[in-house]
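> Take a look at this one; I'll ask things after.
The values are calculated or read from the model by the stated rules, or taken from the named source; none is laboratory data. A quick note: this is a predicted structure, and the numbers were derived from the prediction, not measured. As a convention, Cβ positions derive from the backbone with ideal geometry for all residues, glycine included, and neighbour counts pool all protein chains shown. What goes into the accessible areas is simple: the full protein's heavy atoms, side chains included, and nothing from ligands, DNA or RNA. Shrake-Rupley method; radii C 1.70, N 1.55, O 1.52, S 1.80 Å.
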Amino acid sequence: MTSGYLLHSAGAGELVAELAALGPKTGANTGLWPGLTIYRFTAPVGPSWEEIQSLSLCVVAQGRKAVTVDGDKHVYDPFHYLVLASHLHFQAEILEASIGRPFLSFVLQIDPALVRQVSSDMLERRTTAFRSRQAEAQASPQACVSALDSDLLGVVLRFLRAVQADTDRRVLAPLYLQELVYRVLQREQYARLLALAAAQAASNPVSAVLEYVRGHLSEPLTVADMADLVNLSPSAFAHLFRDVTGRSPYQFLKEMRLDRSRELLVDGDLTVARISKDVGYASVSHFISEFRGRFGVTPRAYYDAHALHRDLAGMGNSSAGSRYPQL
């Protein structure tokens, strides 16, 4: 038995323990993180029709499950994970489950914009990926299964543990979510995940607006401005936007600005005043107040926490402590 297999088995045991604690009731357990659902079943469940609205990552910790899409059956277990396209109607069946060894899994909905963001940072692979995107979008299946290795299992565990602690949830969980997408993109799901994300964005006018907004965060933007981009009235656009995102355009725009400011803070190369301007805030004090309201810490405290985590994880170096933003 190889050391890699032993490490994978140990990690799988930890994942079982985490999901068993986080999913105490039979069926779906929600509320821990937006888009995250943890499932527990103590007996096999026959085929039933289900539907998802967003691109989703599905991981089984214990037991076995089958998903049938357009007549194609996909079986996955603790050694495999499944990626499903958005707005998908499919049949699901729990194949292995018992009281002594309950079926335990989770489904995590992934924002396609995050997929594109992470992929654009993978510079050595970006040209090839975008060159083949159109062909992949035409040929990509609506569901695909891949092997779950120890690296991906590790970041899954880190993410699940981070969402349970208040400060870690705000600071570390979004970073682990990015790493999770990165690990998936490194593997054979790379082109498939990009194609599914692109297809989801292309079919949704709200996604088109968000793509524009992401590149113009420093500019003043109104609901009327965003509605004009997709030829809708402001009221119709606001209604559609809330249906898709669960938030008003104003609230979502504010969250996008603050999320982008967090990324710039992690880079550590800009002052807080410059960051606030780059993400569309005219007042630095207003920016700091809203950042603290969203993430529970000031911009400086957020950077300190990230730098400490990076050093503890062995990713920093001896000069990391002097690379603070000029606050």
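> Sort through Ser98, Ser86 and tell me the only one that's in a loop (DSSP other than H, G, I, E, B), over 25 Å from Ala162 (Cα atoms) and under 21 Å from the mean Cα position of the chain (by Cα). Give the derivation first.
Details: Ser98 fails: under 21 Å from the mean Cα position of the chain (by Cα).
Going through Ser98, Ser86 in turn, the sole match is Ser86.
> Let me ask you something else. Collect the residues in the stretch 241-258 that are acidic (Asp, Glu) and buried (at least 16 other Cβ atoms within 10 Å of the Cβ), keeping them in residue-number order.
As a first pass, look at the stretch 241-258 and keep what is acidic (Asp, Glu): 243, 255.
Result: no residue meets the conditions.
> Still on this structure, I have one more. Looking for whichever is assigned to a helix (DSSP H, G or I), open to solvent by 30 Å² or more (accessible area, probe 1.4 Å), among the polar types (S, T, N, Q) and out of contact with any Leu (no Cβ under 6 Å at 6 or more places or on another chain) here; the options are Ser261, Ser235, Ser218. Which one fits? Give the steps one after another, and end with the answer.
Numbers: Ser261 fails: open to solvent by 30 Å² or more (accessible area, probe 1.4 Å); Ser218 fails: assigned to a helix (DSSP H, G or I).
It is Ser235.
> Can you pull out the residues in the stretch 167-204 that are hydrophobic (A, V, I, L, M, F, W, C), modelled with pLDDT under 70 and surrounded by 18 or more Cβ atoms within 10 Å (Cβ to Cβ)?
Taking the stretch 167-204 first, the residues hydrophobic (A, V, I, L, M, F, W, C) are 171-173, 175, 177, 180-181, 184-185, 191, 193-199, 201-202.
When the remaining residues are screened for being modelled with pLDDT under 70, the result is 191, 193-199, 201-202.
Result: Ala191, Leu193, Leu194, Ala195, Leu196, Ala197, Ala198, Ala199, Ala201.
> Take Tyr212 and decide whether it is modelled with pLDDT of 85 or more and either more than 30 Å from Ala305 (Cβ to Cβ) or among the acidic types (Asp, Glu) (or both). Working first, answer last.
Numbers: modelled with pLDDT of 85 or more: yes; either more than 30 Å from Ala305 (Cβ to Cβ) or among the acidic types (Asp, Glu) (or both): yes.
It is true that Tyr212 is modelled with pLDDT of 85 or more and either more than 30 Å from Ala305 (Cβ to Cβ) or among the acidic types (Asp, Glu) (or both).
> Please go through (1) hydrophobic (A, V, I, L, M, F, W, C); (2) at pLDDT below 95; (3) in contact with a strand residue (DSSP E or B) (Cβ under 8 Å, 6 or more places away or on another chain) for Leu7 and return the number of the only condition it doesn't satisfy.
For Leu7, the exception is condition (3).
> Do you know which of the residues in the stretch 270-308 that are modelled with pLDDT under 80 and open to solvent by 50 Å² or more (accessible area, probe 1.4 Å) is nearest to Arg214 (Cα to Cα)?
Asp304
> Right, here's the next one. For the stretch 151-190, name all the residues that are assigned to a helix (DSSP H, G or I), in contact with a strand residue (DSSP E or B) (Cβ under 9 Å, 6 or more places away or on another chain) and either touching a residue at least 40 places away in the same chain (Cβ under 8 Å) or farther than 19 Å from Asn29 by Cα (or both).
Here is the first cut: in the stretch 151-190, the residues assigned to a helix (DSSP H, G or I) are 151-162, 166-171, 173-186, 190.
Among the residues that remain, those that are also in contact with a strand residue (DSSP E or B) (Cβ under 9 Å, 6 or more places away or on another chain) are: 152-153, 156, 159-160, 177, 180-181, 184.
Correct list: Leu152, Leu153, Val156, Leu160, Leu177, Leu180, Val181, Val184.
> If we keep just the residues of the stretch 22-64 that are over 21 Å from Leu157 (Cα atoms) and β-branched (Val, Ile, Thr), which is most open to solvent (accessible area, probe 1.4 Å)?
Per the criteria, the residue is Thr26.
> (1) crowded, with 19+ Cβ neighbours inside 10 Å; (2) without any contact (Cβ under 8 Å) to a residue 12 or more places away in the chain: which one isn't true of Gly13, the others all being true?
(1)
> Among the residues of the stretch 149-158, are any open to solvent by 70 Å² or more (accessible area, probe 1.4 Å), closer than 25 Å to Ser261 by Cβ and modelled with pLDDT of 90 or more? Full working, then the answer.
Of the residues in the stretch 149-158, the ones open to solvent by 70 Å² or more (accessible area, probe 1.4 Å) are 151, 158.
Next, from what is left, pick out any that are closer than 25 Å to Ser261 by Cβ: 158.
After this cut, where a residue has to be modelled with pLDDT of 90 or more as well, the list is 158.
Looking for residues that are open to solvent by 70 Å² or more (accessible area, probe 1.4 Å), closer than 25 Å to Ser261 by Cβ and modelled with pLDDT of 90 or more, one finds at least one in the stretch 149-158, hence yes.
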